[in-house]
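Right, one structure below, let's go through it.
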Amino acid sequence: MNANTPWMQRDLAVLWHPCTQMKDHERLPLVPIRRGEGVWLEDFDGKRYLDAVSSWWVNVFGHANPRINARIREQLDSLEHVMLAGFTHQPVIELSERLVQITPPGLAKVFYADNGSSGIEVALKMSHHYWLNSGQPQKKRFVTLTNSYHGETVAAMSVGDVALFTDTYKALLLDTLKVASPDCYLRPEGMGWEEHSRNMFAAMEQTLAEHNHEVAAVIVEPLIQGAGGMRMYHPIYLKLLREACDRYGVHLIHDEIAVGFGRTGTMFACEQAGITPDFLVLSKALTGGYLPMAAVLTTDQVYGAFYDDYATLRAFLHSHTYTGNPLACAAALATLDIFRDDQVIQRNQALAAHMASATAHLKDHPHVAEVRQTGMALAIEMVQDKPSKTAYPWQQRRGLAVYQHALQRGALLRPLGSVVYFLPPYVITPEQIDFLAEVASEGIDIATRASFSVAVDNRYPDHRDPG
Ligand SMILES: *Cc1c(COP(=O)(O)O)cnc(C)c1O
């Protein structure tokens, strides 16, 4: 019995946790967190954990960041919330101005939602509604990539490709068109990322050629398919996709919920392809990891198709109660200030290079098929058989062993299946990266031992779970 135990017991009596088979907690202790500071989380026993996954990819400047805290406190004393229909406020106006400024040219209007999945729903509905308002009601299908993830609400699940959802909730889902992902893990041996991603575009081209008359939009996670195992591809694919969407009269939706705000090495992933999507969906790091909020940016052309006399019934009548919450806007403004004042994107280059060198030795590990990286995201793919890249059966939950080892060592490393990854806050130090690499190496050694075995009673591999 330690100081965490009473909290665990009280929790399990009343809580149902996300992305969790609750029965796991019969043998896997919950980790009650008392406080956070910088990259560290601290439990009730005073044990610290280095947050290597930015608390599900949201935290970019550390926990309890003094600058973000101060800005939220200041906002709290003047206005905590006001509805955004018919009313407005300074933080939401300033944030919208700045998002329009820092995103690629052409994105001119910002619509808010209160979490990533809802932001995706907004983009999907707006796209179809645009075509409806433009006299093309038949454009109502969405094209999506295999292995993609766009959130948990029903339409967002429909454009995703996570087995858990496509199996379990099949009866509820929209009818989408799936195209093979440009995922470079799957490239033929000896082929470069660019060539592979370019080759994979042929399937997209064909789908658009056949179906463009009924397609509203193509939705992609640019450069990194996050929940699908941090699978990565080359920006050439996005460039070709932009050209094809223009040619075929189809919208392009960039879900930069996970990759926006510097994760891929540029502020937004679309910059690497030199393109502007029709819809750019942002969330997660938007508020520095403090408060739930999503922003959907779009063009004047899209906005214009809704702008008319009320009686024409062309308005976008979608609303979330907490739209544009001032405290979340204040957190986002403070976050953007840090990006601007601390030259974060530039400084991250050295950190990203350090992540590469600290993990380079893992490429030679007999059960590591690949160590891949895009900017501040690095993934290590554990496999049963290296030459053939044969995956471990998900039932073996090898990633879970890495997770458990890391917790013991004081790190929060939460693999996606057999993919161990670092997606750390940008305030991490080179020494802390070395620590993570050491912990990951040890964990991978343990998890890939021939004698490894684990009791299993989960029905499904979980997309965000160390399953
Ligand atoms: C996390 C995520 C979402 C969903 O965001 P929520 O805030 O969890 O609803 C959607 N798309 C991508 C790419 C994500 O990583």
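The values are calculated or read from the model by the stated rules, or taken from the named source; none is laboratory data. As the structure is a prediction and not an experimental result, all values here were calculated from the model. A quick note on method: Cβ atoms are made from the backbone with ideal geometry, for glycine too, and the neighbour counts reach across all protein chains shown. Remember, those area values only see protein heavy atoms, side chains included, never the ligands or the DNA or RNA. Shrake-Rupley method; radii C 1.70, N 1.55, O 1.52, S 1.80 Å.
Among L107, L99, L95, L79, which is the only one that is assigned by TED's automatic domain parsing to the domain that holds L336, under 20 Å from F268 (Cα atoms), away from the ligand (no atom under 16 Å from the Cβ) and surrounded by fewer than 23 Cβ atoms within 10 Å (Cβ to Cβ)?
Numbers: L107 fails: surrounded by fewer than 23 Cβ atoms within 10 Å (Cβ to Cβ); L95 fails: surrounded by fewer than 23 Cβ atoms within 10 Å (Cβ to Cβ); L79 fails: under 20 Å from F268 (Cα atoms).
Step by step, each of L107, L99, L95, L79 is checked, and only L99 is assigned by TED's automatic domain parsing to the domain that holds L336, under 20 Å from F268 (Cα atoms), away from the ligand (no atom under 16 Å from the Cβ) and surrounded by fewer than 23 Cβ atoms within 10 Å (Cβ to Cβ).
Quick one: which residue in G190, G228 is touching a residue at least 40 places away in the same chain (Cβ under 8 Å) and of a type in the set (G, A, S)? Before you say what the answer is, go through the steps one by one.
Details: G190 fails: touching a residue at least 40 places away in the same chain (Cβ under 8 Å).
On inspection, the qualifying residue turns out to be G228.
Sort through V220, V215 and tell me the only one that's crowded, with 24+ Cβ neighbours inside 10 Å, within 15 Å of the ligand (Cβ to nearest atom) and within 16 Å of L145 (Cα to Cα).
Working: V215 fails: within 15 Å of the ligand (Cβ to nearest atom).
It is V220.
I need the full set of residues from the range 156-178 which are under 20 Å from I257 (Cβ atoms), more than 12 Å from the ligand (Cβ to nearest atom) and hydrophobic (A, V, I, L, M, F, W, C), in order please.
L164, F165, L173, L174
Residues A209, A244: which one is farther than 21 Å from I120 by Cα, more than 24 Å from the chain's Cα centre (by Cα), surrounded by 15 or more Cβ atoms within 10 Å (Cβ to Cβ) and among the aliphatic types (A, V, I, L, M)? If you could, list the steps in order and put the result at the bottom.
Numbers: A209 fails: surrounded by 15 or more Cβ atoms within 10 Å (Cβ to Cβ).
Only one candidate qualifies: A244.
What are the residues in the range 225-241 that are in a strand (DSSP E or B) and open to solvent by 10 Å² or more (accessible area, probe 1.4 Å), if any?
R231
Out of everything in the range 143-154 that is away from the ligand (no atom under 12 Å from the Cβ) and not in a loop (DSSP other than H, G, I, E, B), what residue ends up being surrounded by the fewest Cβ atoms within 10 Å (Cβ to Cβ)?
Looking at residues that are away from the ligand (no atom under 12 Å from the Cβ) and not in a loop (DSSP other than H, G, I, E, B), I get V154.
Which of the residues that make up the range 259-306 are more than 14 Å from the ligand (Cβ to nearest atom), part of a loop (DSSP other than H, G, I, E, B) and either modelled with pLDDT under 95 or crowded, with 24+ Cβ neighbours inside 10 Å (or both)? Show your work before the answer.
Within the range 259-306, the subset more than 14 Å from the ligand (Cβ to nearest atom) is 262, 265-267, 271-276, 278, 288, 297-306.
Checking the rest, the ones that are also part of a loop (DSSP other than H, G, I, E, B) come to 262, 265-267, 274-276, 278, 288, 305-306.
Of everything in the range 259-306, those that are more than 14 Å from the ligand (Cβ to nearest atom), part of a loop (DSSP other than H, G, I, E, B) and either modelled with pLDDT under 95 or crowded, with 24+ Cβ neighbours inside 10 Å (or both) turn out to be D278, G288.
Restricted to the range 223-251, and to residues that are within 25 Å of L164 (Cα to Cα) and not aliphatic (A, V, I, L, M), which residue is farthest from the ligand (Cβ to nearest atom)? Even if it seems obvious, please write down each step before you answer.
Narrowing the range 223-251 to residues within 25 Å of L164 (Cα to Cα): 223-233.
In the following step, the residues that additionally are not aliphatic (A, V, I, L, M) were identified as 225-226, 228-229, 231, 233.
Working: Q225: 8, G226: 5, G228: 9, G229: 12, R231: 12, Y233: 14 Å.
Applying the filter and picking the extreme gives Y233.
Going by what's in this entry, would W40 be described as touching a His at 6+ places or on another chain (Cβ under 9 Å), of a type in the set (F, W, Y) and either open to solvent by 40 Å² or more (accessible area, probe 1.4 Å) or within 16 Å of the ligand (Cβ to nearest atom) (or both)?
Numbers: touching a His at 6+ places or on another chain (Cβ under 9 Å): yes; of a type in the set (F, W, Y): yes; either open to solvent by 40 Å² or more (accessible area, probe 1.4 Å) or within 16 Å of the ligand (Cβ to nearest atom) (or both): yes.
Against the criterion (touching a His at 6+ places or on another chain (Cβ under 9 Å), of a type in the set (F, W, Y) and either open to solvent by 40 Å² or more (accessible area, probe 1.4 Å) or within 16 Å of the ligand (Cβ to nearest atom) (or both)), W40 qualifies.
For the range 177-187, enumerate the residues that are open to solvent by 60 Å² or more (accessible area, probe 1.4 Å) and touching an Asp or Glu at 6+ places or on another chain (Cβ under 9 Å). Reasoning before the result, please.
Taking the range 177-187 and keeping what is open to solvent by 60 Å² or more (accessible area, probe 1.4 Å), we get 178, 186-187.
Passing the criteria: K178, R187.
Any idea how many residues of the range 155-198 are within 29 Å of K389 (Cα to Cα), in a loop (DSSP other than H, G, I, E, B) and in contact with a Phe, Trp or Tyr (Cβ under 8 Å, 6 or more places away or on another chain)?
Of the residues in that region, 8 qualify.
Filter the range 1-24 down to the residues that are more than 23 Å from the chain's Cα centre (by Cα), hydrophobic (A, V, I, L, M, F, W, C) and part of a loop (DSSP other than H, G, I, E, B), then identify the one that is modelled with the highest pLDDT. If you could, list the steps in order and put the result at the bottom.
Filtering the range 1-24 down to residues more than 23 Å from the chain's Cα centre (by Cα) leaves 1-15, 22-24.
When the remaining residues are screened for being hydrophobic (A, V, I, L, M, F, W, C), the result is 1, 3, 7-8, 12-15, 22.
In the following step, the residues that additionally are part of a loop (DSSP other than H, G, I, E, B) were identified as 1, 3, 15.
On the way: M1: 66, A3: 95, L15: 98.
Within the range 1-24, the match that is modelled with the highest pLDDT is L15.
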